[in-house]
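Enquirer: Structure below; questions to follow.
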Amino acid sequence: MRTPIMAGNWKMNNTNCAAVELAKAVVEGSAGVKGCEIILAPPTTALSVVNEVTKDSPIAVSGQNMYWEESGAFTGEVSAQMLLSCGCEYVILGHSERRGRFGVIEEGFTEELQSVFGDNDATVAKKLKAAADAGLKPIVCCGELLSEREKGMTDAIVGDQVRAFLAGCTTEQLQATTIAYEPVWAIGTGEVCDADEANRVCGLIRGVVAEVAGQEIADAMRILYGGSVKPDNVEGLMALPDIDGGLVGGASLKADSFCALIAAAAKSAGGGCCCCGG
Ligand code: PEP
């Protein structure tokens, strides 16, 4: 039995005051919930203040990215040790907004402008190993573009991404890792992946993990779905056996909707609220 995760990726939203308010509301709104691991990933600037709010609760804090070196002349980057010093337990790696894999080009932005962060399979693999070695738990993202799905390439693209970032990992690094399947066309678009299809791809990912790392590690690894998860679609996703939770952007920016997702994930695992029985 894998404990589900509900992880909120706030992206580049919330100054410190707003971050503290939102974190407080999530702590309050999720109090008493059992059976779901809750993670907040605020922007780097707000990690410490959010950690101050969550540190006496079961909620964990996550970075949204990191660099693999410990320190040095890497202007603008943060290391695993720096994230740990802000109270982080997790770090999101290889999000499509950093890989430069965009399905939708926003008005006023060129594809080039949206790809400036340039993460790729090789850099994500280095980050995963550095994060796990430092004691962080990496949440590593993978997913296909709409054009790749339309060409029937989903399984090959996702399988290759997972093989690339897991290659050469030690047992300890693998055991620390969570994978998030995030079809790029579903992120921030309101177009959620069909639940059975999301479950199928998460199952495929579990198969690749088994191939690389063995069945025991694959059975224990949490595999999340991300892409327009909302209170009205979360139950259908969480009911399926290979989906172990959600990586959530938009719906994590409001405490009400994020707490509804947390409650649904807890319920799917037979948990719920110890106070109200919900
Ligand atoms: C994400 O940021 O990883 C994400 C899935 O965003 P959204 O929930 O807004 O689609």
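The values are calculated or read from the model by the stated rules, or taken from the named source; none is laboratory data. Because the structure is predicted, anything quoted here is derived from the model rather than measured. We place every Cβ from the backbone using ideal geometry, glycine too, and count neighbours over all the protein chains shown. Ligands, DNA and RNA are stripped out before the accessible areas are found, and what is left, the full protein with its side chains, is counted by its heavy atoms. Shrake-Rupley method; radii C 1.70, N 1.55, O 1.52, S 1.80 Å.
Enquirer: Please compute the contact order of the chain in relative form: average sequence separation of alpha-carbon pairs under 8 Å and at least six residues apart, divided by the residue count, as a percent.
Expert: It comes to 23 percent, rounded to a whole number.
Enquirer: Please state the relative contact order of the stretch 155-222 as a whole percent: Cα pairs under 8 Å, 6+ residues apart?
Expert: That works out to 45 percent.
Enquirer: Using r as the Cβ-Cβ distance of residue 239 and residue 216, and R0 as 22 Å, what FRET efficiency do you calculate, to the nearest 0.05?
Expert: My answer for the efficiency is 0.30.
Enquirer: Can you pull the percent of the stretch 5-273's accessible area that's carbon plus sulfur, 1.4 Å probe, other chains left in place?
Expert: Its accessible area is 52 percent carbon and sulfur atoms.
Enquirer: Could you work out [θ]222 nm for the chain from helices alone, using -39500 (n - 2.57) per DSSP H run of at least four and dividing by all its residues? Round to the nearest 500 deg cm²/dmol.
Expert: Calculated at 222 nm, the ellipticity per residue is -12000 deg cm²/dmol.
Enquirer: Counting trypsin sites (Lys or Arg not before Pro) as exposed when in a DSSP loop with at most 12 other beta carbons within 10 Å, what is the longest stretch of the chain free of them?
Expert: Counting only loop sites that pass the neighbour cut-off, the longest clear stretch is 152-278.
Enquirer: Between residue 17 and residue 56, 0.36 nm times their residue separation minus their Cα-Cα distance comes to what?
Expert: Here the answer is 12.1 nm.
Enquirer: OK, next. Determine which lysines satisfy two conditions relative to residue 254: a Cα distance under 30 Å, and not lying fewer than 8 residues away in the same chain.
Expert: 11, 24, 34, 55, 127, 137, 230, 267
Enquirer: Rank 117, 26, 147 by how far each Cα sits towards the positive end of the charge dipole of the chain (+1 on Lys, Arg Cβ; -1 on Asp, Glu Cβ) and give me just the farthest.
Expert: 26
Enquirer: Report the net charge of residues surrounding residue 16, where surrounding means a beta-carbon distance below 13 angstrom and charges are Lys +1, Arg +1, Asp -1, Glu -1.
Expert: Residues near residue 16 contribute -1 overall.
Enquirer: Follow-up question, since we're still on this one. Can you compute the charge dipole magnitude of the stretch 5-273 about its Cα centre, using +1 on each Lys and Arg Cβ and -1 on each Asp and Glu Cβ, nothing else charged? Give it in debye, rounded to the nearest 20.
Expert: 440
Enquirer: Might you tell me the accessible area per residue for the stretch 1-94, computed with a 1.4 Å probe and given in Å²?
Expert: Value returned for the stretch 1-94: 46 Å² of accessible area per residue.
Enquirer: What does the net charge come to around residue 79 if you take all other residues with beta carbon closer than 12 Å to its beta carbon, with K and R at +1 and D and E at -1?
Expert: -3
Enquirer: In debye, nearest 20: dipole of the stretch 131-278 around its Cα centre with unit charges on the Cβ of K, R (+) and D, E (-)?
Expert: 340
Enquirer: Compute the length gained on full extension between residue 2 and residue 69: take 0.36 nm times their separation in residues and subtract their Cα-Cα distance, giving the result in nm to one decimal.
Expert: Contour length minus the Cα-Cα distance gives 21.0 nm.
Enquirer: Using a Gaussian network model of the chain with C-alpha springs under 10 Å, which one of 202, 17, 88 is most mobile by mean-square fluctuation?
Expert: 17
Enquirer: Keeping all protein chains in place, calculate the accessible area per residue for the stretch 132-278 (probe 1.4 angstrom), answer in Å².
Expert: Accessible area per residue: 39 Å².
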